[in-house]
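The values are calculated or read from the model by the stated rules, or taken from the named source; none is laboratory data. Values in this document were obtained by computation on a predicted structure and should not be read as measured data. Here Cβ is always computed from backbone atoms with ideal geometry, including for glycine, and neighbour counts include all displayed protein chains. In case anyone asks, the SASA skips ligands and DNA or RNA and just uses the protein heavy atoms, side chains included. Shrake-Rupley method; radii C 1.70, N 1.55, O 1.52, S 1.80 Å.
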Amino acid sequence: CSGLVLSRRPALVLCHASVFAPFLRAGPAAWARPAALPPAALRPCPRLRVVLGSEPGGLRELDARLLALVPCAAFRRALERGFGRAERWRFGAGEEAGTDPRALPWFAWLRVPELDAPEGGWTVRASAGCLRKGQALLACGSPFGDLCPELFLNTLSRGVVSNLAGEENALVLTDARCLPGTEGGAAFVPSPDGPRVVAVIAASFCWKGAEWVGLTLLCSLAAILRSSAGVLGEAGIMVPPVPAWVAAVPASSGQDPLSWTALVECGATWGSGVLLAPRMLLTCRHVVEARTPLHVTPAAGPGQDATVLRGRVVFATEESSPFDVAVVELEESVPGFSPPCLADTFFPGKQWGDTRYWGRGCVIPLHPPPASPIPGEDVSVVGFGALGRACGPSVTAGVLSAVVAVAGRPVMLQSTCAVHGGSSGGPLVSSRSGCLMGIVASNTRDTGAGATYPHLNFCIPITILQPFVAHYRRTGDAGAFAGLNRVGEGVQATWQLQQWPGPPSKL
């Protein structure tokens, strides 16, 4: 596994405890204990070696000894609340095998005397309580264990904070792509005076049922230190307090996509939706197909309670339509709602406000950004995928990988953001301008291999929907959306993910 050098006086390394599972005297039942495990809990206690990089480009191997295995209580509670057993969550490198979930909150403290440095101190840290969804993170770990440390030691992955849960954000989810062996590695948050360690990797892969979610599970370093205070104190080690605040990197836009996103529940089915007006929401048809009462929960702001509103479907596309869209009217207005600005073109180089490229009746953005979204630019998806109501909406980042046009008209957007079950209907947002670019329709599943690809997903461009939305808001006639059911064979083939004419696609 990976590890983190947290102090050089005395020299301490923190890593994940799952690597010690084969040596537990009590077997896997030991993970259910509420208190720390001493070295005597292992049989035999293995010889421990810490591998570090050295200058220039070599490796150093140092002996280490185990101080204790420590459970993080706040992280354990957040796991129990957010990752229910009924949803068949698994953590590890494969669908069948994986880490015992009871081991996830456990971490190991190692003492490495050869790393002691008289002038040394503690690694610069930050509290996870300062994190916000969508904030940049950098993960560092050594995948594949000791397979080839010369190649893989301390590799980096960039992502964002996808979700947060527990006391002072004890549990953090990120879309930074980590691999097996990075467990115990560190996650850093940018700050004006350089990156600070904010969390430790607990699981590199998350599975919900048979679906790879595409997110990495982190545990707050501050929460680990609080749970470890007694063990470290017995060893004569005093831990300096973790700073409670770190200045965040400024956002690229004043738009807040979290405020437009809502949880949509229809019987046992749930998904996401985008609020375009105080009482109007767009989602996907397959989210609201059940003939049961519809409830919409707009994302709550910090310190606010979520409000559940009733809604009714005023229009849903036919099953034969490639555009999987439903329009929901709410019984009450969302208080304090601020509408999103909408992209009006995906033609490279065309400026917002160039009316030659507006469809008739399009909604004019309130705060026009300087240029249209183009393939390759940074984007984000916001939605209630995977965790649903448990932790509020998640944020995943990627790039706009393709704009697919038929007869010169964009009919599909593709992105590399991680999208999973429950994300359908959520917004695709430009990270640069904050504009709403489209709504998520699906990720990709290979029916031949039975594999789901969360980082290849498809969105309906907002430019397809703008004219119908504007007409509906002006007239109240939901029949205007019926135009979404009348599309050509080229659009049909595009959304069936196949050539036209050609054989059926396996995707």
- Query: In the chain, with Lys and Arg counted as +1 and Asp and Glu as -1 at Cβ, which of these residues, 484, 295, 313, has the Cα nearest the positive end of the dipole, that is, farthest along it?
  - Reply: 295
- Starting with the highest mean, order 327-339, 415-427, 159-171, 185-197 by the number of other Cβ atoms within 10 Å, averaged over the residues of each peptide. 415-427, 159-171, 185-197, 327-339
- Using just the helices of the chain, give the 222 nm mean residue ellipticity in deg cm²/dmol: DSSP H runs with n ≥ 4 each add -39,500 (n - 2.57), and the total is spread over all residues, rounded to 500. -3000 deg cm²/dmol
- Task: May I ask for the distance between the Cα centers of segment 177-240 and segment 419-489, given as a whole number of Å?
- Result: 35
- What number, in nm² with one decimal, is the all-direction average of the projected area of the convex hull of the alpha-carbon atoms of the chain? 25.5
- Query: Of all GluC sites (Glu not before Pro) in segment 107-150, which ones are in loop regions per DSSP and have a Cβ with at most 14 other Cβ atoms within 10 Å?
  - Reply: 119
- Message: Please compute the alpha carbon radius of gyration of segment 3-235, then divide it by the globular-protein estimate 2.2 N^0.38 Å. Two decimals is fine.
- Response: 0.96
- Task: Could you check how much of the accessible area of segment 3-235 is carbon and sulfur, as a whole percent, using a 1.4 Å probe?
- Result: 56
- In Å², rounded to a whole number, the accessible area per residue of the chain with probe 1.4 Å is 43
- Using Cα pairs closer than 8 Å and at least 6 residues apart in sequence, work out the relative contact order for the chain, in percent. 12
- Query: Which whole-number percent gives the relative contact order of segment 3-235, counting Cα pairs below 8 Å spaced six or more residues apart?
  - Reply: 23
- Task: State the percent of C-alpha pairs, over all pairs in segment 1-136, separated by a distance greater than 28 angstrom.
- Result: 28
